[in-house]
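Enquirer: Quick one: this structure, given as structure tokens, is what I'll be asking you about.
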Amino acid sequence: MSETGTPPRPALDPYEEEKQHLERVLDIIRGALESGPRMPVRDEDDEDADEALTADVVADVAVAEMAEERRHQLRRALSDPYFGRIDFQPEGEAPQKLYIGKQGIDHPSTGERVVLDWRAPAASVFYSFTGQGDEARYEAPGGEVRGTVSLKRNIVVRDGDLVRVVDSYVKGQTQAGSVDEFLLYRLADSKDSRLHDIVATIQAEQNEVIRADKNVPILIQGVAGSGKTTVALHRLAYLLYQHPEKLRADKMVIFAPSAMFVDYISEVLPELGVGDVQQTTFAAFALRVLDHVVLLPDPAKRLRERFALRPSQAYEAMRREIEVKGRVETLEALQAFLQDMEKKMVPKRDVPSPVGPPISAETIARWFHVEYARYPVRQRRDRVVARVKRQWEMQAKEAGKADKSTKRQIAAAAREFERAWPDLEPLPIYESFLRHHPDLSLASIQRPTKYGARPLVEPEDLPLLLAIHQWLHGVDARDVFHHVVIDEAQDFSPAHIRVLQAYCPSLSFTILGDLSQSIHSEAGFRDWDEVRALFPGGSRYVEMSVSYRSTYEIVSFANRILEPFRPKVLAKPVFRSGDPVVVEPVAWDGRFDALMERLSEESRRATTIAVLTRTEEDAHVYHQMCLESGLDAHLLTATQTHYEGGISVVPVYLAKGLEFDSVIIVDADEAHYRADERDAKLLYVGCTRALHRLRLLYCDRPSPLIQWAVPD
């Protein structure tokens, strides 16, 4: 009988292939968890247990701590070891199957790279490759690597089980929109109370921003839902991975718009294996640097004034001052004022000594302006006073006067000499500048009447107060950052950014915002050119115009609201079709009942729902009606520090940055939303909070901003 040979084994189904591979990887992870050094256990009864550890033991403990941290990462990887695969063949080399995950995983015995960290250079092919041809390339430490791609596969693993396999590119096959299939699958997920990482669905334009050069400030104009906040957080994780010798997590900072937003984004970096990055607001940072010598008033009061249906004349006057204080020209005027003050602050008279000849005014001036010129002003003054006192003490010693009476005289004379200098505290200096400036007043400062209470200032005063603090004290090394992220930057003034540059000498900034959401227009900038001008050494401007958050219907509806005001960039929706936007009239006396019915409907299919009101007063009313109807609703206010999920009732101006499965905008009538740019931006912000469903309720006449959506 002739030998015919073994028939070739048929190719495995992609799901079966990946299921087998997943089991192999999970076995490797389990094996890695059993290997490596363990934390040494010390006997509590050991007589030497309290003695200092030897250098060898300290080293062993450090190694064991690193191994324990690695085991912690591996335990997390057991649930979700990777999310993608790219089959890539570099030119002149063998093909590679690269599995991409949140962290790199090596075989504990062979050192084989089992999973590639998403931040690794080769992993960028997974994100940048779009299937237009088979060629791909990436930048490696040794130079550019070119090659071809034969497969790009998206994989979903949950709790160690293979859930989904989607091939977005197979060489030789026609791609029928499968690139969008996996993205749309992930975008259809419901929201919870926290923002999460997007490593599995980073798009090519987002990947480009994440991997941008750390030494070039990057300015991002990102439309609502473009993922700019998440991209900035992933950029921090990427920079730390790429530059471990130059960057430290605890020397990186994210400035967010509110404490509640800080809480909302707080889980993204830990999900990416990054800890210790500072996440704060500019106000919290400034007050800490100023040692809390001033406080801010209740933020809700200012917001009520700013977003009142009819702003008061007093606030209109304050609005003009807010704008002036945010200008770089005002900051430069302050610096000129301080320089002039510095020239004149040294006492002009000779300083009499209680025990000897006086010290001449010329000598005091030379010490201050020449010998101590490298120190900040407050340190220079203190050094001069201390030197004067030391010289008197030397005179007393030479004269043989070491008695307590002489010492008291010297101490009293030193205090008197110090009082001859100007008051070198930030607030009095700032008040003097405000009196000096023709367009500013003291209206934003509230001096306390109660003894021991601290003065109140407004948020727009903080950049100028920080500039004075820098002049007085310099920048503390503990406050120097390696990289700064500014989120919702359209609400930052140029003065904010200029002052922050002193705390990041490398000028390594990621600044992101959306001018279409600049609802605090008097407090921010109006054009990105104003920000570019702050970086004369160069910066990179990027537009992220694709909105991934909302359905096609919601993005299109929101764009129509803004179109009459000619925004710089309109959002381009991902074609994820959903329910039509509903614009619905309700009777005034039945508006609460109508809302409760709609909430009851939405609660059956949504995890997070927002009821957006025009004012805080309305939010309190609607929230109370929800409670009286038995709904477990949360009221979000300006002082809130946590976002709970579920049903939230929130003034529309506090919703920026958040997102919800469903949004119901109440009172969308002409009395609450007028046909002006500010109200258009408020309504746009409200509409673009919705991922899947949007409904607007109005009484009497609809807002002219949405009149086109109401049938005749």
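The values are calculated or read from the model by the stated rules, or taken from the named source; none is laboratory data. All values reported here derive from a predicted model rather than from experimental measurement. Counting neighbours? That spans all protein chains shown, and the Cβs are built from the backbone with ideal geometry, glycine included. Side chains included, ligands, DNA and RNA excluded: accessible areas come from the protein's heavy atoms. Shrake-Rupley method; radii C 1.70, N 1.55, O 1.52, S 1.80 Å.
Enquirer: Semi-axes of the equivalent ellipsoid for the stretch 380-510, please: Cα gyration tensor eigenvalues, times 5, square-rooted, ordered largest first, whole Å. List each step's numbers first, then the result.
Expert: Numbers: eigenvalues 324, 92, 28 Å².
The three semi-axes for the stretch 380-510 are 40, 21, 12 Å.
Enquirer: So how exposed is Met341, as accessible area in Å² (1.4 Å probe, rounded to 10)?
Expert: 40 Å²
Enquirer: Which of the peptides 207-217, 103-113 is most tightly packed, and how do the rest follow, going by the mean number of other Cβ atoms within 10 Å of each residue?
Expert: Numbers: 207-217: 18.5, 103-113: 14.4.
Descending packing order for the listed peptides: 207-217, 103-113.
Enquirer: Let me spell out the model: positive unit charges on the Cβ of Lys and Arg, negative unit charges on the Cβ of Asp and Glu, origin at the Cα centre of the stretch 348-420. What dipole size does that give, in debye rounded to 20?
Expert: Numbers: 18 positive and 9 negative charges, 58 e Å.
The dipole of the stretch 348-420 has a size of about 280 debye.
Enquirer: In Å, the Kirkwood hydrodynamic radius of the stretch 521-657 over pairs of distinct alpha carbons? Could the numbers behind the result be given before it?
Expert: Numbers: mean 1/r = 0.0554 Å⁻¹.
Evaluated over the stretch 521-657, this radius sits at 18.1 Å.
Enquirer: Also: Packing-wise, with mean Cβ within 10 Å as the measure, how do 426-432, 536-542 rank, highest first?
Expert: On the way: 426-432: 18.6, 536-542: 12.7.
With the highest mean Cβ count within 10 Å placed first, the list reads 426-432, 536-542.
Enquirer: Provide the percentage of antiparallel DSSP beta bridges, counting only those with both residues in the chain; round to the nearest 5. Intermediate results must be reported in sequence, preceding the final value.
Expert: Values: 31 of 77 bridges.
Percent antiparallel among DSSP bridges in the chain is about 40.
Enquirer: Using just the C-alpha positions of the stretch 221-342 as equal point scatterers, what log10 of I(q)/I(0) does the Debye formula give at each q in 0.12 1/Å?
Expert: -0.72
Enquirer: Here's a follow-up. If you fit an axis through the alpha-carbon atoms of helix 616-628 and take the longest principal axis of the Cα set of the chain, what angle between them do you get, 0 to 90°, nearest 10?
Expert: Result, in degrees: 50.
Enquirer: Counting DSSP beta bridges in the stretch 572-709, what percent are antiparallel, to the nearest 5? Could the numbers behind the result be given before it?
Expert: Working: 1 of 22 bridges.
Bridges in the stretch 572-709 are about 5 percent antiparallel.
Enquirer: Considering only DSSP states other than H, G, I, E and B, which trypsin sites (Lys or Arg not before Pro) in the stretch 239-288 qualify as loop sites with at most 16 other Cβ atoms within 10 Å?
Expert: Numbers: sites: Lys246, Arg248, Lys251, Arg288; in loops: Lys246, Arg248.
Sites meeting the loop and neighbour criteria: Lys246, Arg248.
Enquirer: Report the relative contact order of the chain, percent, no decimals, based on alpha-carbon pairs under 8 angstrom and at least 6 residues apart. Display every interim value, and only then the final one.
Expert: Numbers: 1162 pairs, mean separation 93.0, N = 712.
After rounding, I find 13 percent.
Enquirer: Okay, next question. Taking amide H positions as placed in the peptide plane 1.01 Å from N, state which residues far from Arg164 in sequence (5 or more) or on other chains have amide H under 5 Å from it.
Expert: Correct list: Val156.
Enquirer: Can you give the charge dipole size of the chain about its Cα centre, rounded to the nearest 20 debye, using +1 on the beta carbon of Lys and Arg and -1 on the beta carbon of Asp and Glu? Please list the in-between numbers first.
Expert: Working: 90 positive and 111 negative charges, 601 e Å.
The dipole of the chain has a size of about 2880 debye.
Enquirer: Using a probe of 1.4 angstrom, how much of the accessible area of the stretch 539-694 is carbon and sulfur, in percent?
Expert: 49 percent
Enquirer: For the stretch 502-565, I need the span (max minus min coordinate) of the C-alpha atoms along each principal axis, in Å, sorted largest to smallest.
Expert: Largest to smallest, the principal-axis extents are 45, 26, 18 Å.
Enquirer: Angle, helix 313-325 long axis vs. longest principal axis of the chain, Cα atoms, 0 to 90°, nearest 10?
Expert: Once rounded, one gets 90 degrees.
Enquirer: Give me the 1.4 Å probe accessible area per residue for the stretch 526-645, excluding ligands and nucleic acids, in Å². Don't skip to the end; give the middle numbers.
Expert: On the way: 5990 Å² over 120 residues.
I get 50 Å² per residue for the stretch 526-645.
Enquirer: Please list Trp588, Trp708 from largest to smallest accessible area, probe radius 1.4 Å, with all protein chains kept in place.
Expert: Highest to lowest solvent-accessible surface, that is Trp588, Trp708.
Enquirer: Reachable lysines from Lys401, Cα under 30 Å, same-chain residues fewer than 8 places away excluded?
Expert: Lys348, Lys389
Enquirer: Any chance you could give the angle, 0 to 90 degrees and rounded to 10, that helix 426-436 forms with the longest Cα principal axis of the chain?
Expert: Around 80 degrees separate the two axes.
Enquirer: Could you state the accessible area per residue of the stretch 348-420 in Å², with a 1.4 Å probe and every protein chain left in place? Walk me through the numbers before you get to the answer.
Expert: Details: 4640 Å² over 73 residues.
Heavy-atom accessible area per residue stands at 64 Å².
Enquirer: For volume of the Cα convex hull per residue in Å³, pick the label among [x] 274; [y] 218; [z] 432 that corresponds to the value derived from the coordinates.
Expert: [x]
Enquirer: Could you quote the convex hull projected area for the stretch 348-420, Cα atoms only and averaged over all directions, in nm²?
Expert: Working: hull surface 18.5 nm².
Averaging across all directions leaves 4.6 nm² for the Cα convex hull.
Enquirer: Which value in Å is the Kirkwood Rh of the stretch 204-278 over different Cα pairs? All intermediate terms of the calculation are to be shown ahead of the outcome.
Expert: Values: mean 1/r = 0.0764 Å⁻¹.
Kirkwood radius, the stretch 204-278: 13.1 Å.
Enquirer: Which one, Ser629, Val666, Trp588, projects farthest toward the positive side of the charge dipole computed for the stretch 572-709 from Cβ point charges (K/R +1, D/E -1)?
Expert: Val666
Enquirer: Keeping every protein chain present and rolling a 1.4 Å probe, give me the accessible area per residue for the stretch 208-305 in Å².
Expert: Values: 3320 Å² over 98 residues.
I get 34 Å² per residue for this part.
Enquirer: Ignoring ligands, DNA and RNA, please state the percent of accessible area on the stretch 348-420 from carbon and sulfur, probe 1.4 Å.
Expert: Numbers: 2370 of 4640 Å².
Carbon-and-sulfur percentage of accessible area, whole number: 51.
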